[in-house]
Amino acid sequence: MSGDLFQHFPAEEKNFVEQVLDWQGQVLDQYRPILSDFLDPREQVIAQTVLGQSHSDYRYAFWGGYDQAERQRLLIYPPYLEAEEVDYDLVLVEISYAKKFNQLSHRQVLGSLLGQGLERKVLGDILSDGERWQFITSQELLPFFIQEVDRVGRAKVALQPIPWSDRVQSQENWQERPISAASLRLDLVLAEALNLSRTKAKSLVQAKGIKQNWQVQDRVDREVAVGDTLSVRGYGRLYIDQILGQSKKGKVRLAIQYLANQ
């Protein structure tokens, strides 16, 4: 691969770029499909950039179990094949628990599933309608989860695969709020949105605790823009909805949406 493509990515993403190139090479050399783990939206963008829009020697597609899934698996395959949903080896799993006596949270579910020494890449989306909880993983790992995970928080649980037709419509409690910041700098917007001191917001950025559009961001002077998603370690997510103009004191007025960690 030419060095020109690497120049488009920060240093911390180059290992993943090389991984995508390795998958591509395997398909070209061995003429067989390659299936990735679950990729976050930023990794999906990187893969699309590396693989290009079209290629005569291979095709590729993403699938995470349903339309608009956030975390998806990448399938790269020879052109003689047609990708089908079954090729992604996905399973939808219901977490059964005593709902009358327990209330689960996203943080608890994720922590219990990954508490077995697994990485986030083995899990797809975690879904909930506020009462029922489900997650997506691979058929390969399903027996492991069923055997090893019997508690989420203090709740005794049982895991079982269910039909895709039983998938819940996930409900996320995004809160809309207006803020005013001295500028669109990342640290200033974070401080106002999360009610933090500028020093605390700056340290979060410098500690690489912020992802801007799923890309780690450690520049405090990086500006945000409408449509940006900010993931803040320990706090949740912010979505920059609108720029509303300037306040009488010359500050930038923003409409944001906030999804707190549960």
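The values are calculated or read from the model by the stated rules, or taken from the named source; none is laboratory data. Please read these numbers as outputs of a predicted model, since none were measured by experiment. Neighbour counts are summed over all protein chains in view; Cβ atoms, including those assigned to glycine, are modelled from backbone coordinates with ideal geometry. With ligands, DNA and RNA removed, areas are computed over all heavy atoms of the protein, side chains included. Shrake-Rupley method; radii C 1.70, N 1.55, O 1.52, S 1.80 Å.
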Which semi-axes, in whole Å and largest first, does the equivalent ellipsoid of segment 7-85 have when worked out from the alpha carbon gyration tensor as the square roots of 5 times its eigenvalues? 19, 17, 10
Taking a straight Cα-to-Cα line shorter than 29 Å from K100, and setting aside same-chain lysines fewer than 8 residues away, one finds K156
Nonlocal amide H pairs with R73, under 5 Å, H built at 1.01 Å: L39, W63, G64
Residues of the chain: accessible area per residue at 1.4 Å, in Å²? 55
Of (1) 35; (2) 46; (3) 39, the label for percent of Cα pairs over 28 Å apart derived from the coordinates: (2)
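Just list whichever of K99/K121; K14/K121; K211/K248 have alpha carbons separated by over 23 Å in the model shown.
On the way: K99/K121 28 Å; K14/K121 17 Å; K211/K248 31 Å.
As for pairs spanning more than 23 Å Cα to Cα, those are K99/K121; K211/K248.
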When only DSSP loop residues count, what trypsin sites (Lys or Arg not before Pro) in segment 97-194 have their Cβ near at most 13 other Cβ atoms within 10 Å? K99, K100, R154
Need the list of aspartates and glutamates near K202 for cross-linking: C-alpha distance under 14 angstrom, and skip anything on the same chain fewer than eight residues off. D187, E192, D218, D221, E223
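Counting Lys +1, Arg +1, Asp -1, Glu -1, what net charge surrounds D22 among other residues with beta carbon under 13 Å of its beta carbon? Intermediate values should be presented prior to the final figure.
Working: positive: K14; negative: E18, D29.
Surrounding charge for D22 is -1.
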